[in-house]
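The values are calculated or read from the model by the stated rules, or taken from the named source; none is laboratory data. Remember, predicted model here, so these are calculated numbers, not experimental data. No Cβ is skipped: glycine too gets one built from the backbone with ideal geometry, and neighbour counts run over all protein chains shown.
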Amino acid sequence: MTAARDAAYFDQWYADMAASPVRDAIVARTLGLPPELRFASVLPWPGVAELTEHLRLPPDGLLLDIACGRGGYGIEIAARTGARVVGVDFAAVALGHARAIAAARLPAGRASFHVGTLTATGVADGGADALMCVDGTQFAEPPQAALAEFHRVLKPGGRLALTCWAAVTPGDDRVPARIRALDLARDLPAAGFTGVEVHDRPEWLAAERDMYEQALAVPGPDPAVLSLQNEGRRALAAWGSMRRVLAVAARPA
Ligand SMILES: C[S@@+](CC[C@H](N)C(=O)[O-])C[C@H]1O[C@@H](n2cnc3c(N)ncnc32)[C@H](O)[C@@H]1O
């Protein structure tokens, strides 16, 4: 049985991570992510360039990073494109870290972070040029409600890029229920998106496996590493049951 993935769970997860240079080093080695951006998820560094390309942000455009965590991916994309970034997450601890990272990485006034959920982001209708959600959509209940919210906050013509996992075989009960509940090829068009493409990213999955194996080889009581080890044991026991996917789409113009 896994713990409820509520805001208190994630606040503790982020507090543990902040004190774990060992976890940072494993993530840097296996995913290629610079530790100073304090990523929380498992999108490898080359994925940032792919997301940037798909989002097609205009200079000074508005990027929403939903379920942003410590905000590293959105901050990096804002730095590369000159966009402004607004990050939303329900974990207040993570948002404190995100503000500090943005202050170090972006000019003043280019980033803001506020508490909100995947289904109630607190963002105005139709204001965003692009929206990203890295490894977060599956936490909404149901995930289709997050897709409806993403559609609401994007401008007509605005671009969407999501990273997630998907069951190799629909209904496989080795796959977490929250992943089984989401089928981006089915659900994005149903939420009103157009130009939907769902790409497999086996190389991201290979990097993730490497990360779990390296975490499992580390001794010691570091809580952030223990959490990674627990996730790794679960993932490796069902390895082959999930694909890693990048979905891109647009709100019709
Ligand atoms: C795997 S982490 C990814 C964080 C960030 N996107 C990254 O890649 O570094 C998942 C994030 O989803 C957030 N989250 C989970 N359920 C949420 C919800 N219902 N509303 C808002 N955020 C949520 C968690 O707090 C966590 O920051």
### Task
Pairs only if they're at least six apart or on different chains, beta carbon under 6 angstrom, first in segment 171-182 and farther than 12 Å from residue 144 by Cα, second of a type in the set (Ser, Thr, Tyr); list them, first residue then second.
172/241; 174/241; 175/241
### Message
What's the number of the only condition in (1) at pLDDT 95 or above; (2) buried (at least 20 other Cβ atoms within 10 Å of the Cβ) that residue 27 fails to meet?
### Response
(1)
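Among the residues of segment 74-84, count how many are over 23 Å from residue 145 (Cα atoms) and within 15 Å of the ligand (Cβ to nearest atom).
The qualifying residues number 4.
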### Task
Please state which of the following conditions residue 155 fails to meet, knowing it meets all the rest: (1) touching a residue at least 40 places away in the same chain (Cβ under 8 Å); (2) within 16 Å of the ligand (Cβ to nearest atom).
(2)
### Query
Looking only at segment 102-130, which residues are hydrophobic (A, V, I, L, M, F, W, C), in a loop (DSSP other than H, G, I, E, B) and either within 16 Å of the ligand (Cβ to nearest atom) or free of Cβ contacts under 8 Å to residues at least 12 places away in the same chain (or both)?
108, 118, 120, 123
### Query
Would you call residue 164 buried (at least 23 other Cβ atoms within 10 Å of the Cβ) and within 12 Å of the ligand (Cβ to nearest atom)?
no
#### Entry: Candidate set: segment 26-73, residues that are in a helix (DSSP H, G or I), among the small types (Gly, Ala, Ser) and within 11 Å of the ligand (Cβ to nearest atom); chosen: the one nearest to residue 211 (Cα to Cα)
47
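Being under 17 Å from the mean Cα position of the chain (by Cα) and farther than 30 Å from residue 58 by Cα: is that true of residue 207 here?
When the stated conditions are applied, residue 207 passes them.
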#### Entry: Extreme residue, farthest from residue 69 (Cα to Cα), among residues of segment 30-42 that are modelled with pLDDT of 85 or more and surrounded by 16 or more Cβ atoms within 10 Å (Cβ to Cβ)
30
### Task
Identify all residues within segment 208-224 that are surrounded by fewer than 21 Cβ atoms within 10 Å (Cβ to Cβ) and of a type in the set (A, V, I, L, M, F, W, C); write none if there are none.
216, 217, 218
